[in-house]
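Below: one structure, written as structure tokens.
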Amino acid sequence: MRCLFMCVGVLLASVAITEARPKAAGNQKCKSGPVDLVFIIDGSRSVRPHEFETMRKFMIDIIHELDIGRDITRVGVVQYSSQVQNVFSLKDFTTHQQMVKAINEIIPLAQGTMTGLAIRYAMNVAFSTAEGARPNVPHVAVIVTDGRPQDRVAEVAAAARESGIEIYAVGVARADMTSLRAMASPPFEDHVFLVESFDLIHQFGLQFQDKLCKIDLCVESDHGCDHICESSPGSYQCLCLPGYTLNEDGKTCTAIDLCAEGKHDCEQICISSPGSFTCDCNTGYTLNEDKKTCTMIDYCSFGNDSCEHECVSVLNGFNCRCKEGYALNDDKRTCTMIDYCSFGNDSCEHECVSVLQSFYCRCNEGYNLNEDETTCTMIDYCSFGNDSCEHECVSILNGFNCRCKEGYKLNDDKKTCTMIDYCSFGNDSCEHECVSVLNGFYCRCNEGYTLNEDERTCTMINYCSFGNDSCEHECVSVLKGFNCRCNEGYTLNEDKKTCTMIDYCSFGNDSCEHECVSVLKGFNCRCYEGYTLNEDKRTCTMIDYCSFGNDSCEHECVSVLKGFNCRCNEGYTLNEDKRTCTMIDYCSFGNDSCEHECVSVLKGFNCRCNEGYTLNEDKRTCTMIDYCSFGNDSCEHTCVSVLNGFYCRCNGGYTLNDDKKTCTMIDYCSFGNHSCDHECVSVLNGFYCRCNKDYTLQEDGKTCQADNLCNVVEHGCEHQCVSTPGSYYCICPEGHLLQDDGKSCGSCRSANIDLVLLIDGSKSVRPQNFELVKQFVNQVVDQLDVSGHGTRVGLVQYSSRVRTEFPLSMYKSKEEIKAAVLKVEYMEKGTMTGLALKHMVENSFSEAEGARAASRNIPRIGLVFTDGRSQDDITEWAKKAKDAGITMYAVGVGKAVEDELRLIASEPVEKHFFYSADFSAISQIAENLKLNICAEESQGEIEVKDPCACDSLVEFQQATMTTLNQLNQKHILYSSMSHQPKYYSQFQQNKVT
């Protein structure tokens, strides 16, 4: 259910005053008892100069009314912001003049708001004996602040109160009520004050002065002062608030509006306050020290840290500007140096480097920039002096290398050179010894040898060539000498020189084919091994070993000297047994050319494919047989070949049937998880929901909503059924009201109630929304039977104060009431809801303002309309209202607070408070809100012992909540559900589905 709330605000509660005696002549000081008083004043930057002057005057006015003395009242002043300043301590001054002079010399600190720090200073220092505080004398601290503390105050304030300090908390304008209550001493209604501006701070000053006096005639007598009663010992006088003038009767006051009279010299804006004015400036300007003229705010002077280079102030803000050679970045704050290289650095051979307002060329490491300042030349490191290189220096990038002359190689130190040892490369070409020389080598022979003409090989020296006369037959050279040898058939004699023939065969062995073997006195013929001597004993024939039987050779036997060999036919290879043959396995040589299997055949091999494959024309590779190519007509969609066969496959969104050939589109609706309200329609790869006739598919794509719910349900409306999106409700004809069952109609228009509406006129409501509030009030009035003997209506508006727009007794018809409502002027200040409730209980429901006597049992209804948190405490007067028999309804909007609404509303709370996120729905709530009781249930003369248990009141509450539940069913109060506060969920249980 969407409900409404409005913000409420009031000024500090004024003391109820009546007739009193006028003040006697003279200006006698308030004779208070001994007290140590310390002012703790907010000097933060949010306190404007003219406001600080008002606070300065506030302290001076209070001091002037006090009996100052070392044994009477002592006063100290502490100023704080982000730090604490002791203006003067309790022991410093004993006269008014000294204190006023010191207060007038205070310079605002203009920093943060560290209220907790100031309270701790007061507790530990300002109220210490060393600073003049007295034991057994009341210690009183008055804190004046205009903002929320930036540190913790609750714990330190509690410690200060525990130490015996009585704390008054005075909040101005932006001050936080919760923080004020955390600081102040109880009871809060006596120690917490929140005023709209510094101009109103004197109200607290006057009340505070009275609290210090022993006898207060303003409190103890009926003085009749319109504004302020000022007590003095034994007398009093009436005063007007600043900006008011005291009338001739000495009690009432008339406001002075200097702005309306044109008696000001403000340059831009004049803000009127009774009897005075303050000047203000338009947005983007600040008031000058003369408090009249305006100067455009220099936002740069606040600190342009966000601008990297230069800040330029403009109206309502500032712009950042970069120095020459820089460009402003997208964040509009920082600057980047213009990259001139990005415009095209083709003139730089290597690298372009941007600098402020220009660029220069830079060479890569190992290069120098040429005189044209664009091209680069590699640095010649050898030109610096190459003494470290033994032979030759060669410049390279970023350094140099040493190089040796031809025939030399560079040593490991990369500097010196060693002649190349060509012999170390391998001296195979030299038969004996290799000798290295520059750029080559030569061969040298061992001792006893001489180098041949090829200059590589060596020949032993032939000593026989020098002259071998001593040898009879043959001289044979040996290393470093020679031997004598006899010719064949001779033997060397013992002298090693001469020879003697001893061979008989030498007499003639021509008849021996092979060998003549001398024997004693003759010789024999002998054949060489592997031959046999023929019968002629002279000739020889080679032995044919194959003729002995070649069964051991599988193929062919071949005789050879001294034996035989086996030989295989072509295409076979001889086995290791040297006898048998095996066909050559050509596949074993490497069958990489066959993709699948190699099959050896005589003198070669063939390739063979695995089952399901066919050999390609290259006789080497294989291709899987495409069974689909034989004709796949049996597959409805796609035929997929696999090894030794094929299978059928369906397109996306289809499933293969049991025959493994045909396909059927998948029925996603058949899975049962479609959640369609009415009908599920399957489509390829999904489904969609479809509604029956006269229904509309909703945004979730699943649920269906009747186009006219009244036509499809048994609504039971007595008069007329009205369809709404997803629901319906019943309405009644003109002059009739919908009954509790939400269906039947009755003529409940003549109930007697006293209704007082408290409407919020605070600044947060805003003028355009206040007009909607007045429309809401008139729509409520339209539902009532207004007359002198029937329903009576009163209207009260509140902000920082309370104003009765008209009492219950003023108007006797709804036309008069509605006309008066439209004339109500918007107050536009604070939100003092507690003060408004107090006014309602004490005044609005009094017989003097038109409420009928309690003995007549006329129901009393109070309706509070607010849009925010109260700036005062509502607990006491919300309870007193209900204890007085007033049935309380709380209607809130926007930033209204749940806890406060619950305190205001009658039991059951859930049926007496309502909320809406904005003002847009309040007219719909008013249109359906019944605030009357049927005639037969409340004629005004029924005697009931307990008004709180009145059956008429119970029936009224039930009827009201029934109507609100009907609003719930019509979804009037359900917009912006995701933005409602947590208590909004209480209405969910009654939602029509």
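The values are calculated or read from the model by the stated rules, or taken from the named source; none is laboratory data. This one's a predicted model, so the numbers in the text were calculated from it and none came from an experiment. In this analysis, Cβ positions are derived from the backbone assuming ideal geometry, glycine residues included, and neighbour counts consider all displayed protein chains.
Of the residues examined, Ser347 is not one that is in contact (Cβ under 8 Å) with a residue 24 or more places away in the chain, within 33 Å of the chain's Cα centre (by Cα) and more than 30 Å from Asp226 (Cα to Cα). Restricting to the range 536-566, and then to whatever is in contact with a helix residue (DSSP H, G or I) (Cβ under 6 Å, 6 or more places away or on another chain) and surrounded by 15 or more Cβ atoms within 10 Å (Cβ to Cβ), can you tell me which residue is farthest from His514 (Cα to Cα)? Filtering first and then ranking leaves Cys557. Within the range 357-394, the set of residues being part of a loop (DSSP other than H, G, I, E, B) and without any contact (Cβ under 8 Å) to a residue 12 or more places away in the chain comprises Asn370, Glu371, Asp372, Gly385, Asp387. Within the range 292-304, which residues are surrounded by 14 or more Cβ atoms within 10 Å (Cβ to Cβ) and either in contact with a Ser or Thr (Cβ under 8 Å, 6 or more places away or on another chain) or not assigned by TED's automatic domain parsing to the domain that holds Cys320 (or both)? Lys292, Thr293, Cys294, Met296, Ile297, Tyr299, Cys300 - these are the residues of the range 292-304 that are surrounded by 14 or more Cβ atoms within 10 Å (Cβ to Cβ) and either in contact with a Ser or Thr (Cβ under 8 Å, 6 or more places away or on another chain) or not assigned by TED's automatic domain parsing to the domain that holds Cys320 (or both). Before we move on, is Gly448 of a type in the set (Gly, Ala, Ser) and over 24 Å from Glu392 (Cα atoms)? Yes: the conditions hold for Gly448. The requirement of being surrounded by fewer than 13 Cβ atoms within 10 Å (Cβ to Cβ), of a type in the set (A, V, I, L, M, F, W, C), farther than 30 Å from Cys540 by Cα and modelled with pLDDT of 75 or more is satisfied by Leu479. Among the residues of the range 395-434, those that are over 30 Å from Thr377 (Cβ atoms), assigned to a loop (DSSP other than H, G, I, E, B) and charged (D, E, K, R) comprise Asp412, Asp421, Asp428, Glu431. Would the range 132-150 turn up any residue that is farther than 27 Å from Pro108 by Cβ, in contact with a helix residue (DSSP H, G or I) (Cβ under 7 Å, 6 or more places away or on another chain) and either acidic (Asp, Glu) or outside any helix (DSSP H, G or I) (or both)? Scanning the range 132-150 turns up no residue that is farther than 27 Å from Pro108 by Cβ, in contact with a helix residue (DSSP H, G or I) (Cβ under 7 Å, 6 or more places away or on another chain) and either acidic (Asp, Glu) or outside any helix (DSSP H, G or I) (or both). Taken together, the residues in the range 889-933 that are assigned to a loop (DSSP other than H, G, I, E, B) and at pLDDT 80 or above amount to 6.
Restricting to the range 167-217, name every residue that is farther than 28 Å from Ser273 by Cα and at pLDDT below 75. Matches in the range 167-217: Leu212, Cys213, Lys214, Ile215, Asp216, Leu217.
When the range 88-110 is limited to residues that are among the polar types (S, T, N, Q) and not in a loop (DSSP other than H, G, I, E, B), the one that is surrounded by the most Cβ atoms within 10 Å (Cβ to Cβ) turns out to be Gln98.
Within the range 608-625, work out how many residues are touching a His at 6+ places or on another chain (Cβ under 8 Å) and either in contact (Cβ under 8 Å) with a residue 40 or more places away in the chain or not in a strand (DSSP E or B) (or both). The number of residues fulfilling the criteria is 2.
Which ones in the range 83-97 are touching a residue at least 40 places away in the same chain (Cβ under 8 Å) and of a type outside the set (A, V, I, L, M, F, W, C)? Across the range 83-97, the qualifying residues are Gln85, Asn86, Ser89, Lys91, Asp92. Of all residues in the range 326-340, those satisfying the criterion of being modelled with pLDDT of 85 or more and either within 20 Å of Cys363 (Cβ to Cβ) or in a loop (DSSP other than H, G, I, E, B) (or both) are Asn329, Asp330, Asp331, Lys332, Arg333, Thr334, Ile338.
In this entry, Val437 passes the filter for residues that are free of Cβ contacts under 8 Å to residues at least 24 places away in the same chain, more than 30 Å from Ser506 (Cβ to Cβ) and β-branched (Val, Ile, Thr). Only one residue in Glu529, Glu455 is in the same structural domain as Cys443 (by TED's automatic domain parsing), modelled with pLDDT of 80 or more and not hydroxyl-bearing (Ser, Thr, Tyr), so which one is that? Unique residue meeting the criteria: Glu455. Determine whether Phe359 is under 30 Å from Ser306 (Cβ atoms), exposed (fewer than 11 other Cβ atoms within 10 Å of the Cβ) and either in contact with a strand residue (DSSP E or B) (Cβ under 9 Å, 6 or more places away or on another chain) or at pLDDT below 85 (or both). Answer is no for this residue. Residues of the range 850-869 that are surrounded by fewer than 23 Cβ atoms within 10 Å (Cβ to Cβ) and under 28 Å from Phe193 (Cβ atoms): Arg869 alone.
Table: residues versus (1) assigned by TED's automatic domain parsing to the domain that holds Gly742; (2) over 27 Å from Val640 (Cβ atoms); (3) in contact with a strand residue (DSSP E or B) (Cβ under 7 Å, 6 or more places away or on another chain).
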position: Asp658; (1), (2), (3): no, no, no
position: Lys661; (1), (2), (3): no, no, yes
position: Asn673; (1), (2), (3): no, yes, no
position: Asp677; (1), (2), (3): no, yes, yes
position: Leu684; (1), (2), (3): no, no, yes
position: Arg690; (1), (2), (3): no, yes, yes
position: Gln698; (1), (2), (3): no, yes, yes
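So that you can scan it fast, the table gives a plain yes or no per residue for (1) assigned to a strand (DSSP E or B); (2) under 51 Å from the mean Cα position of the chain (by Cα); (3) at pLDDT below 90:
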{"residue": "Tyr728", "(1), (2), (3)": "yes, yes, yes"}
{"residue": "Gly735", "(1), (2), (3)": "no, no, yes"}
{"residue": "Val756", "(1), (2), (3)": "yes, yes, no"}
{"residue": "Gln775", "(1), (2), (3)": "no, yes, yes"}
{"residue": "Gln779", "(1), (2), (3)": "no, yes, yes"}
{"residue": "Gly794", "(1), (2), (3)": "yes, no, no"}
{"residue": "Arg803", "(1), (2), (3)": "yes, yes, no"}
{"residue": "Lys812", "(1), (2), (3)": "no, no, no"}
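Residues that are more than 49 Å from the chain's Cα centre (by Cα), of a type in the set (Phe, Trp, Tyr) and in a strand (DSSP E or B) within the range 626-669 comprise Phe646, Tyr647, listed in sequence order. For first residues located in the range 691-707 and more than 11 Å from His678 (Cα to Cα) and at pLDDT 85 or above, partners that are buried (at least 17 other Cβ atoms within 10 Å of the Cβ) and among the charged types (D, E, K, R) and lie 6+ apart or on another chain with Cβ distances below 9 Å form the pairs Gln698/Asp677. Hey, among Ala118, Ala159, Ala122, Ala175, which residue is outside any loop (DSSP other than H, G, I, E, B), among the small types (Gly, Ala, Ser) and free of Cβ contacts under 8 Å to residues at least 60 places away in the same chain? That would be Ala159, the only listed residue that is outside any loop (DSSP other than H, G, I, E, B), among the small types (Gly, Ala, Ser) and free of Cβ contacts under 8 Å to residues at least 60 places away in the same chain. Kindly establish whether Asn427 is over 25 Å from Met460 (Cβ atoms) and modelled with pLDDT under 90. Judged against the criteria, Asn427 is not a match.
Taking the conditions (1) modelled with pLDDT under 90; (2) under 28 Å from Leu239 (Cβ atoms); (3) surrounded by fewer than 16 Cβ atoms within 10 Å (Cβ to Cβ) in turn, Arg45 satisfies each one other than (2).
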